[in-house]
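The values are calculated or read from the model by the stated rules, or taken from the named source; none is laboratory data. Since the model is a prediction, treat every value here as computed from it, not as a measurement. Cβ sites come from the backbone with ideal geometry, for glycine too, and all protein chains shown count toward neighbours.
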Amino acid sequence: MEHPFESQELVFKNLIQLGSITEWGKNYKYESIKTFEDFRNRVPVQDYDSIKPWINRMMKGEQNILWPSEIRWFAKSSGTTSDKSKFIPVSQEAMEECHYKGGLDLLSAYCILNEDTKIFNGKGLIIGGSHQINSLNSLSSYGDLSAVLLQNMSFIGQLYRTPQLSIALMDEWENKIEALAQSTLKADVTNIAGVPTWTMILIKRLFELTGKNNLRDIWPNLELYIHGGVSFTPYREQFKSLIKGDGMNFYESYNASEGFFAFQFGKRDEDLVLHLNNGIFYEFIPMSELGKEFPKTILIDEVKPDENYALVISTNSGLWRYMVGDTVKFTSVKPFKIKVTGRVKQFINAFGEEVIAENTDNAIAQACAITGAVVRDYTVAPVYLTYDNRGCHEWLIEFEKEPHNLQVFIEHLDSNLRALNTDYDAKRYRDIALKEPTVHSLPQNTFYNWLKKKGKLGGQHKVPRLNNDRVYVDDILSMVNSVSISS
């Protein structure tokens, strides 16, 4: 936080030096790279498809391809936006210097700001993914990032977590939730880490087993929930109703398969401190450059607050100028703090409205606050303009608690989104281009059943918030309609 530029310069030099002896480094002549300009001019920005052939070789057992130390682990990353899985290499250096260090720094910051904490008197519950053996060769293994980290966690770390590893690494999620609930009922859980959606499903099962309606009646010493993976904004009020009482803290971490990027520093400051000395070198693509064949990137000394950037990283696992797919906005440059604003491919710009997930998350949270509704999950897609009909945004919302009047909720949702996004507001002016949103209140467990149908249950899989096409919205509506007809 105090020496950001020096930290990034050291990371850059170390990565280039180690990368120079790899096949990738020799291909791009890393030995003659002296400055960032050399690096930027020589190595193109990558996405997964462009770097995939190199990773496939590593998964077959070849070494010193992208990174000099042995790569034996791969984090399987797959979202609903793609039916294909990505396999991200995870080196020993990345585990220790990035992922574990990021988690320890988050806990250190928490302990500094909460001197009376008793977090280490009990157990930490990590709601992670599944682990499988990669069948390509006997030396390579893969699983969700959380499973890879659990599998390689130190003996001391294992002492402070629950449940037993065999349950934590189960890959059938319905049975896993039941096993998690049964095995932790009597545990002294002081902290939880997990994606909000799956954490909520576990809490509900615990309530069914105990007859309780407050998680702290089951785990009285619970004081910290570390969340990540999706925006917490639509879930915040739900969690406050599930975990009641003073002294509960909600902290966010930005930990992806590619690296541990940032974490919350302070209970009342929800912005995330960018982790600048953990083996990751950061670049940022301004939105005006996005989509170009050779987008120009900038470094942290050039970023401006309140502007969206696509995140590009080079890592100590051998990802070089790799575009993660997330967009971030800096809320501070002293120190460098960010908010994750969405996904590069998850936005709606069907009418020039340029709506991002940060807009919709905040609009739906404000509409809930006004109407008393509680939203479990949602997705949005455009209804495109035709010669005879104006366009609109079509929302599929699964409510935990429905508003008394859905039309009033829609009106507040629309007005809040107009206040947050001037481009959307301009297109909504007098309904000229966009008419009022269409909102469908979905039956309970619709998104869960849809993910299950697609074989995407688990901590790494999420409902896509925003899409420029109607593939997912039409698929979900078709599923709901088929269930209604059959019943």
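Observations on the model:
Yes or no, residue by residue, for (1) farther than 26 Å from residue 449 by Cβ; (2) polar (S, T, N, Q); (3) modelled with pLDDT of 95 or more:
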{"position": "166", "(1), (2), (3)": "yes, yes, no"}
{"position": "186", "(1), (2), (3)": "yes, no, no"}
{"position": "189", "(1), (2), (3)": "yes, no, yes"}
{"position": "208", "(1), (2), (3)": "no, no, no"}
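- The set of residues in the stretch 168-184 being crowded, with 20+ Cβ neighbours inside 10 Å and modelled with pLDDT of 90 or more consists of 180, 181, 184.
- Selection count, the stretch 415-439, where residues are surrounded by 16 or more Cβ atoms within 10 Å (Cβ to Cβ) and either without any contact (Cβ under 8 Å) to a residue 24 or more places away in the chain or farther than 17 Å from residue 355 by Cα (or both): 4
- Close contacts from the stretch 314-338, counting a first residue that is farther than 22 Å from residue 18 by Cα and a second that is of a type in the set (Gly, Ala, Ser) and assigned to a loop (DSSP other than H, G, I, E, B), with Cβ to Cβ under 9 Å and a gap of 6+ residues or different chains, come to 325/79.
- Test result for residue 284, out of contact with any Cys (no Cβ under 9 Å at 6 or more places or on another chain), crowded, with 16+ Cβ neighbours inside 10 Å, touching a residue at least 24 places away in the same chain (Cβ under 8 Å) and over 30 Å from residue 51 (Cα atoms): no
- Any hit, the stretch 60-73, residues being free of Cβ contacts under 8 Å to residues at least 12 places away in the same chain, crowded, with 16+ Cβ neighbours inside 10 Å, in the same structural domain as residue 137 (by TED's automatic domain parsing) and not hydroxyl-bearing (Ser, Thr, Tyr): yes
- Complete set of residues in the stretch 347-366 that are out of contact with any helix residue (DSSP H, G or I) (no Cβ under 9 Å at 6 or more places or on another chain) and part of a helix (DSSP H, G or I): 357
- Within the stretch 57-77, at least one residue is among the β-branched types (Val, Ile, Thr), farther than 27 Å from residue 154 by Cα and modelled with pLDDT of 90 or more.
- Spans of strands (runs of 3 or more DSSP E) in the stretch 121-222 with at least 1 residues under 22 Å from the mean Cα position of the chain (by Cα) and touching a residue at least 60 places away in the same chain (Cβ under 8 Å): 123-126, 141-143, 189-194
- Filter pass, residue 19 being in contact with a Gly (Cβ under 9 Å, 6 or more places away or on another chain), without any contact (Cβ under 8 Å) to a residue 12 or more places away in the chain and either surrounded by 13 or more Cβ atoms within 10 Å (Cβ to Cβ) or among the hydrophobic types (A, V, I, L, M, F, W, C) (or both): no
- Whichever residue in the stretch 373-410 is under 27 Å from the mean Cα position of the chain (by Cα) and assigned to a loop (DSSP other than H, G, I, E, B) and, among such residues, is nearest to residue 476 (Cα to Cα): 402
- Of all positions in the stretch 228-245, at least one carries a residue that is more than 21 Å from residue 116 (Cα to Cα), without any contact (Cβ under 8 Å) to a residue 24 or more places away in the chain and not assigned by TED's automatic domain parsing to the domain that holds residue 357.
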